[in-house]
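Below: one structure, written as structure tokens.
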Amino acid sequence: MATLGFVGLGTMGGTVTKRLLDAGHTVHGWNRTREKAQWLVEHGMQLAGSPSEAAERSEIVFAMVTNTKALDAVARGADGILAGLSRGKYFVDMTTGSPANSRALAADVDALGAKMLDAPISGAPTTVEQGKASLMVGGDEEAFERVKPVLEDIGPVVQRIGDNGQALLMKIAINLGLFVQMTAYSEGLLIAEKGGIEREVAVEAMLNSVIASPMIKYRGPFVLEQPDEAWFDCNMMQKDMLLALEAGREYGVPMPTTAVSNELLTAARGLGIDHYDFAVVYDVLAAMAGVKGSVA
């Protein structure tokens, strides 16, 4: 069992931390809003006073925050993770952010005698809870082998993709597919609905059809009722779509479906429903089609 730190205990970060606690690890956790971490304290987590303290107390410190800007704030600040790192420690960043920024951060970690891996998760909170999530990892191969047993306590599939930043690029490539899939599912649902098929009947038929990817199976029902707390809201998804478009420009890859789908996330912001899970794209399209959605 390892002594771990975890910075960022939101919906996904908290779920990952709970799995690490259940596996028997000691976890020193930090969250900007301490109250949201109380349920983890009740399960045995020890609260740290700062990201640096979480890093100081641990062999391996994790971070999972909203975006690149938030990662820099918890990593590079006066009480940030880097301030608590020392030779022989490991920093595992699970934030989906800029691959270029991740590489720069890894270089700074390396200068301290520590090692950094980027390790985004492919899956939702429910798949993490069920032990079905997969992790992609970028960074030094020796560091990967050292940390891999702990990562396997989060999810059963742990794959090294390549060097620092490459796991993030892979996650961005996957996430653009999630939203494009959800958009296509919503379009199909709406033509069925406008053609006189009840929404619930159409959803059931689609979830039992060949289009029902794992993501559609667990997120498809959100068009009937959104979860109480967004798993991955529109703003977080748009962040990833913009990262994908940036990568497309960098590598000369045309991305027409990504570009068009991204505009629907902007429309969600205009409608004031961007705080919902990105499955609310159905409501954006429904508003355009003259159909009442699940929330709008």
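The values are calculated or read from the model by the stated rules, or taken from the named source; none is laboratory data. Remember, it's a predicted structure, so these values are computed and weren't measured experimentally. Note that we place each Cβ from the backbone using ideal geometry, even for glycine, and neighbour counts take in every protein chain shown. Just so you know, the surface numbers come from the protein's heavy atoms only, side chains and all, with ligands and any DNA or RNA stripped out. Shrake-Rupley method; radii C 1.70, N 1.55, O 1.52, S 1.80 Å.
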Q. How much length is gained on full extension from ALA287 to ILE197, taking 0.36 nm per residue of separation minus their Cα-Cα distance?
A. 30.6 nm
(Q) At 0.36 nm per residue, and after removing the present C-alpha to C-alpha distance, how many nm does the segment from ALA23 to GLU142 gain when stretched out fully? (A) 40.5 nm
Q. Once phi is turned into ³J(HN,Hα) by the Karplus curve 6.51 cos²θ - 1.76 cosθ + 1.60 with θ = phi - 60°, what whole-Hz value does each residue of the range 272-283 show in order, with x for glycine and proline?
A. x, 10, 6, 7, 7, 3, 4, 4, 5, 4, 4, 5
(Q) Are there any GluC sites (Glu not before Pro) in the range 41-139 that are in a DSSP loop and have at most 11 other Cβ atoms within 10 Å? List them by number. (A) GLU42
Q.
What does the extension gain come out to for LEU112 and ILE211, with contour length at 0.36 nm per residue minus their alpha carbon separation?
A. 30.8 nm
Q.
Placing unit charges on C-beta atoms (Lys and Arg positive, Asp and Glu negative, everything else neutral), compute the dipole magnitude of the range 193-296 about its Cα centre in debye, rounded to 20.
A. 280
Q.
In whole Hz and in residue order, list the ³J(HN,Hα) couplings for the range 204-210 that follow from phi through the Karplus curve 6.51 cos²θ - 1.76 cosθ + 1.60, θ = phi - 60°; x for Gly and Pro.
A. 4, 5, 5, 6, 9, 9, 5
Q: Name the residue farthest towards the positive end of the dipole of the chain from the options PHE179, PHE232, VAL7, assuming +1 on Cβ of Lys and Arg, -1 on Cβ of Asp and Glu, about the Cα centre.
A: VAL7
Q. Around ILE161, which amide H atoms from residues at least 5 apart in sequence, or from another chain, sit under 5 Å from its own amide H, with H modelled in the peptide plane?
A. VAL137, GLY138
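Given a 1.4 angstrom probe, I'd like the percentage of the accessible area of the range 117-208 that is carbon and sulfur, rounded to a whole number.
For the range 117-208, the apolar C and S fraction of the accessible surface comes to 49 percent.
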Q. Can you tell which of SER209, GLY248, THR258 lies farthest toward the positive end of the dipole of the range 193-287, using +1 and -1 charges on the Cβ of basic and acidic side chains (Lys, Arg; Asp, Glu)?
A. GLY248
Q) Between GLU59 and GLU35, what is the spin-label point distance in nm, taking each point 7 Å from the Cα along the Cα→C-beta axis? A) 3.7
Q) Heavy-atom accessible area per residue, the chain, 1.4 Å probe: how many Å²? A) 44
Q | Value of relative contact order over the range 157-296, rounded to a whole percent, pairs C-alpha under 8 Å and six or more apart | A | 29
Q.
Give me a comma-separated list of calculated 3J(HN,Hα) values for the range 245-261, in order, Karplus coefficients 6.51, -1.76, 1.60 applied at θ = phi - 60°, integers in Hz, x for any Gly or Pro.
A. 5, 5, 5, x, 5, 4, 9, x, 10, x, 9, x, 6, 5, 5, 5, 4
(Q) Test of the criteria: in the range 249-296, which trypsin sites (Lys or Arg not before Pro) are in a DSSP loop and have at most 14 other Cβ atoms within 10 angstrom of their Cβ? (A) LYS292
Q | For VAL7, residues with placed amide H under 5 Å, excluding near neighbours | A | TRP30, PHE62, ALA63, MET64
Q. In debye to the nearest 20, how big a dipole does the chain give about its Cα centre with +1 on each Lys and Arg Cβ and -1 on each Asp and Glu Cβ?
A. 180
Q.
I need the calculated FRET efficiency for the pair GLU246 and GLU204, taking r as the beta carbon distance and R₀ as 41 Å, to the nearest 0.05.
A. 0.60
Q: Mind checking the range 3-108 for trypsin sites (Lys or Arg not before Pro) that DSSP puts in a loop (not H, G, I, E or B) and that have at most 10 other Cβ atoms within 10 Å?
A: ARG87
(Q) Please check: in the Gaussian network model of the chain (C-alpha springs, under 10 Å), which one of VAL16, VAL137, VAL41 has the largest mean-square fluctuation. (A) VAL41
Q. Non-local amide H neighbours of GLY155 (under 5 Å, H modeled in plane, Pro and chain starts lacking H): which ones?
A. none
Q: Along Cα→Cβ, 7 Å out, is where each label goes; now give me the distance between the ones at VAL157 and LEU271 in nm to one decimal.
A: 3.2
Q | Pairwise centroid distance, computed over Cα atoms, of the range 225-245 with the range 1-77, Å | A | 22
Q | Paramagnetic reach from ASP79 (point 7 Å along Cα→Cβ, amide N under 17 Å) across the range 27-67 | A | 28-38, 46-58
Q. Where a Cα-Cα gap under 17 Å defines reach, which lysines qualify for LYS239, not counting those fewer than 8 residues away within the same chain?
A. LYS69, LYS171
Q) Which one, (1) 35, 20, 17; (2) 58, 29, 21; (3) 32, 22, 18, gives semi-axes √(5λ) of the Cα gyration tensor in Å as derived from the coordinates shown? A) (1)
**Q.** Largest-first ellipsoid semi-axes for the range 7-76, taking √(5λ) over the Cα gyration tensor eigenvalues, angstrom
**A.** 18, 13, 11
